[in-house]
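Data block below; observations after.
The values are calculated or read from the model by the stated rules, or taken from the named source; none is laboratory data. Everything quoted here is computed from the prediction, not taken from an experiment. Please note: Cβ atoms are built from the backbone with ideal geometry, for glycine as well, and neighbour counts cover all protein chains shown.
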Amino acid sequence: MTDTLALLKLRRSVPPQFLAAPGPDAAQLDQLLTIAARVPDHGKLAPWRFIVFEGEARDKAGDIVAAAFKARNPDADGEKVTFERNRLRQAPLIVAVVSKAATHPKIPIWEQELSAGAVCMTMLVAAQAMGFGACWLTNWFSFDTAVLSAFGLGADERIAGFIHIGTAQTVPADRERPALADIVSRFGA
Ligand SMILES: Cc1cc2nc3c(=O)[nH]c(=O)nc-3n(C[C@H](O)[C@H](O)[C@H](O)COP(=O)(O)O)c2cc1C
């Protein structure tokens, strides 16, 4: 079995609370983004881009998420607000993959969005191949227009995922996977 197959066979998400420093350094981050941008992309539209959240900038991101949470939940107690504030402050590195799919004469939006999903998955696997733990999350604030605009997204852009990356403190026990018998059919059978 190749290393790639071994990694894919055992791949697990590591939740952000178990992702500590050190995260990828500048050269590793460059490599991760370069690899992630190599995904299949019908029409070579590059219908995605990256926003890097790192270091103290994560505190600013946390403030934005906390403010949006308070606006939605004015009665929430301080503990809940702190929990939400920390969502983008746990892993040392978070990369937002932004989908900027747009109407095109030949390439459907759906295919452009699939390409953004492939970017997320490729980054997740590449981070794990580099020896980091990683997790692909959206959370409620990926759909909050105030948060999206504060993060610099345009009205035609969406979050495909936040990829949280760091040194895994623990790897969760595996979970049940779908049985092939439930998800595979043979055409013509
Ligand atoms: C687009 C997308 C968004 C996700 N968002 C969340 C999320 O907000 N919260 C969450 O707990 N899991 C989310 N997940 C699931 C996790 O990434 C992960 O698959 C799950 O924790 C199971 O771990 P595993 O990847 O090891 O099977 C999302 C997955 C995808 C594909």
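Kindly indicate whether Asp174 is exposed (fewer than 12 other Cβ atoms within 10 Å of the Cβ) and in a helix (DSSP H, G or I). Answer is no for this residue. Does Val39 satisfy the condition of being among the hydrophobic types (A, V, I, L, M, F, W, C), without any contact (Cβ under 8 Å) to a residue 60 or more places away in the chain and under 26 Å from Ala102 (Cβ atoms)? No: the conditions fail for Val39. Among the conditions (1) touching a Leu at 6+ places or on another chain (Cβ under 6 Å); (2) closer than 17 Å to Gly161 by Cα; (3) not acidic (Asp, Glu), the only one that Gly23 does not satisfy is (2). Would you confirm whether any residue within the stretch 142-158 is in a strand (DSSP E or B) and under 18 Å from the mean Cα position of the chain (by Cα)? Scanning the stretch 142-158, I find at least one residue that is in a strand (DSSP E or B) and under 18 Å from the mean Cα position of the chain (by Cα), so the answer is yes. Across the stretch 155-173, not a single residue is classified as near the ligand (Cβ under 10 Å from one of its atoms) and of a type in the set (Asp, Glu).
Taking Ile51 as the residue in question, decide whether it is aliphatic (A, V, I, L, M) and either within 30 Å of Ile107 (Cβ to Cβ) or out of contact with any helix residue (DSSP H, G or I) (no Cβ under 9 Å at 6 or more places or on another chain) (or both). Taking the combined requirement at face value, the residue satisfies it. Is it true that Ala68 is surrounded by 14 or more Cβ atoms within 10 Å (Cβ to Cβ), among the small types (Gly, Ala, Ser) and either closer than 24 Å to Thr167 by Cα or at pLDDT below 95 (or both)? Spelling it out, it is not the case that Ala68 is surrounded by 14 or more Cβ atoms within 10 Å (Cβ to Cβ), among the small types (Gly, Ala, Ser) and either closer than 24 Å to Thr167 by Cα or at pLDDT below 95 (or both).
Taking the stretch 46-137 and the strands (runs of 3 or more DSSP E) fully enclosed by it, the elements with 3 or more residues that are more than 16 Å from the ligand (Cβ to nearest atom) are at 48-54. Checked against the criteria, Ala181 does not count as touching a helix residue (DSSP H, G or I) at 6+ places or on another chain (Cβ under 9 Å), farther than 15 Å from Pro16 by Cβ and either in a helix (DSSP H, G or I) or modelled with pLDDT of 95 or more (or both). Between Ala67, Ala118, the distinction of being out of contact with any strand residue (DSSP E or B) (no Cβ under 8 Å at 6 or more places or on another chain) and within 20 Å of Leu7 (Cβ to Cβ) belongs to Ala118 only.
Confirm whether Arg12 is within 16 Å of the ligand (Cβ to nearest atom) and of a type outside the set (Ser, Thr, Tyr). Taking the combined requirement at face value, the residue satisfies it. Taken residue by residue, the stretch 141-150 has at least one member that is within 16 Å of the ligand (Cβ to nearest atom), farther than 20 Å from Leu19 by Cβ and surrounded by fewer than 18 Cβ atoms within 10 Å (Cβ to Cβ).
State yes or no: is Phe53 closer than 19 Å to Ile163 by Cβ and of a type in the set (Phe, Trp, Tyr)? The answer is yes for Phe53. The condition of being within 17 Å of the chain's Cα centre (by Cα) and at pLDDT below 95 holds for only one of Arg38, Arg89, Arg11, that being Arg11. When Asp63 is tested against (1) closer than 27 Å to Lys9 by Cα; (2) among the acidic types (Asp, Glu); (3) out of contact with any Ser or Thr (no Cβ under 7 Å at 6 or more places or on another chain), exactly one condition is not met: (1).
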